[in-house]
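Asks: Submitted below is the structure of interest, expressed as structure tokens.
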Amino acid sequence: MTHTQIYFPNLHIFLENVGKNITIGNFTIAFYGIVIALGMLLGGSLVLKMAKRGGKDEDAYLDVIIFTVIFAVIGARIYYVIFAWDYYKDDLLSIFNLRQGGLAIYGGILGGIITAYIVTKIKKIPFLEFADYGILGVPAGQILGRFGNFFNREAFGQYTDGLFAMLIPTDAVRSTSDITEEMWNHVVVIDGVKYISVHPTFLYEALWNVGVLILLLVLIKRKKYNGEIFFTYLLAYGVGRFWIESLRTDQLMLPNSSIPVSMVVAAVLVIISVGFHLIQLRRMKKIR
């Protein structure tokens, strides 16, 4: 029997029955999928609302959003599978089973950027102009989407007994390979059930994205150049992700190395974003 409790003892939050799915008739729907879908709807709705306020063509933007979301999901899955190939190589059909998780946000971002670039070219919409609005949907969707990791008992961090420490039954963890020796050394036993005490990195990232989204919504009202909001997201999210990724135990590694691929991608995008902003600021000074 798999135990369903999740506790945050230092916050005095005790959840006795956190399921992984819901059954309707003969259909079983994973909460992971529900949360991800709701995140996409929230993100897309916000983009359209802000685009309307900015006087943009909502129908044209909606077309771009639809294609971008579809290929962002595909990109997120391909990215995850590539860097977790050992997990899938002996069961290729499991690649298509998204209910157990396995979507990498940077894969989704990169897939979405490529798709949006192609579709905006076809629609004759300036890419960076669209990107400044389209990127708003990403942190909005992530705020909800990260709770899919909560339901799946995945994407948590190393051992901690700090304020936000989260207790998860060892038999409920998606993969025991995510449980480190340090976690086993600090197992907590409550009523005969073994729990690991970990950083709730899904929560850290959700909260970080709240701050990122607020920042973007403030900046978009006074943006000075196309691409400002888009690259500010890549910069701000990248800084937070670099730190959060360092806490996680289920990191995707570069092949034949112990280097987390998301930390590398985050660092590269931060550097590119800083460079873009510096170039634009210099151009603005020359114009003045």
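Derivation of every value follows stated rules applied to the coordinates shown; laboratory data play no part. None of the values given here were measured: they were computed from a predicted structure. Positions of Cβ are generated from backbone atoms using ideal geometry, with glycine treated the same way; all protein chains shown enter the neighbour counts.
Asks: Starting with the fewest neighbours, write out ARG222, ARG248, ARG174 ranked by other beta-carbon atoms found within 10 Å of each beta-carbon.
Replies: Starting with the residue having the fewest Cβ neighbours, the order is ARG222, ARG174, ARG248.
Asks: While we're on this one: Between VAL189 and SER177, 0.36 nm times their residue separation minus their Cα-Cα distance comes to what?
Replies: 2.3 nm
Asks: State the extension gain, in nm to one decimal, for the chain segment bounded by LYS52 and LEU278, taking 0.36 nm per residue of separation less the distance between their alpha-carbons.
Replies: Here the segment from LYS52 to LEU278 would lengthen by 78.4 nm.
Asks: Please list log₁₀ I(q)/I(0) at q = 0.08, 0.12 Å⁻¹ for segment 6-221, using the Debye equation with identical point scatterers on the alpha-carbon positions.
Replies: Log10 of I(q)/I(0), two decimals: -0.34, -0.73.
Asks: So, one more: Evaluate the charge dipole of the chain about its Cα centre and quote only its size in Debye, nearest 20, assuming +1 on the Cβ of each Lys and Arg and -1 on the Cβ of each Asp and Glu.
Replies: I would put it at about 1820 debye.
Asks: Further question on the same structure: Can you find, among ALA140, TYR79, MET166, the residue sitting farthest towards the positive end of the charge dipole of the chain, where Lys and Arg contribute +1 and Asp and Glu -1 at Cβ?
Replies: Projecting each Cα onto the dipole axis, the largest value belongs to ALA140.
Asks: Taking the Cα centre of segment 1-93 as origin, sum charge times position over the Cβ atoms of Lys and Arg (+1) and Asp and Glu (-1), and report the length of that vector in debye to the nearest 20.
Replies: 280
Asks: Say the dipole of the chain comes from +1 at the beta carbon of Lys and Arg and -1 at that of Asp and Glu; which of ALA37, MET1, LEU62 then lies farthest toward its positive end?
Replies: Value computed over the given set: LEU62.
Asks: Hey, another quick one. Nearest 0.05, what FRET efficiency do VAL264 and TYR117 give at R0 = 22 Å with Cβ-Cβ as r?
Replies: Computed FRET efficiency for VAL264 and TYR117: 0.50.
Asks: Using 1/(1 + (r/R0)^6) with R0 = 30 angstrom and r between the beta carbons of ASN97 and VAL218, what's the FRET efficiency to the nearest 0.05?
Replies: 0.15
Asks: Quick one, could you list the DSSP H helices from the chain stretching 27 Å or more along their long axis (Cα atoms) with average Kyte-Doolittle hydropathy of -0.5 or above?
Replies: Flagged H segments are 31-53, 58-83, 201-220, 261-287.
Asks: Over the C-alpha atoms of segment 1-69, what are the Rg and the largest Cα-to-Cα span, Dmax, in Å?
Replies: When restricted to Cα atoms, segment 1-69 yields Rg and Dmax of 18.7, 55 Å.
Asks: So what is the 222 nm mean residue ellipticity for the chain from helices alone, if each DSSP H run of at least 4 adds -39500 (n - 2.57) and you divide by all residues, rounding to the nearest 500 deg cm²/dmol?
Replies: -19000 deg cm²/dmol
Asks: Which of THR180, GLN251, GLY19 sits closest to the plus end of the dipole of the chain, meaning its Cα is farthest towards the positive end, when Lys and Arg get +1 and Asp and Glu get -1 on the C-beta?
Replies: Going by the charge dipole, the pick is GLN251.
Asks: Under a no-solvent Debye model with one identical scatterer per Cα of segment 100-225, what's log10 I(q)/I(0) at q = 0.12, 0.17, 0.22 Å⁻¹?
Replies: -0.60, -0.91, -1.24
Asks: Sticking with this one: Tell me, PHE230, PHE242 in order of fewest to most beta-carbon neighbours within 10 Å?
Replies: Ordered by Cβ neighbours within 10 Å, fewest first: PHE242, PHE230.
Asks: Can you give the alpha-carbon Rg of segment 116-182 over 2.2 N^0.38 Å, where N counts its residues?
Replies: 1.76
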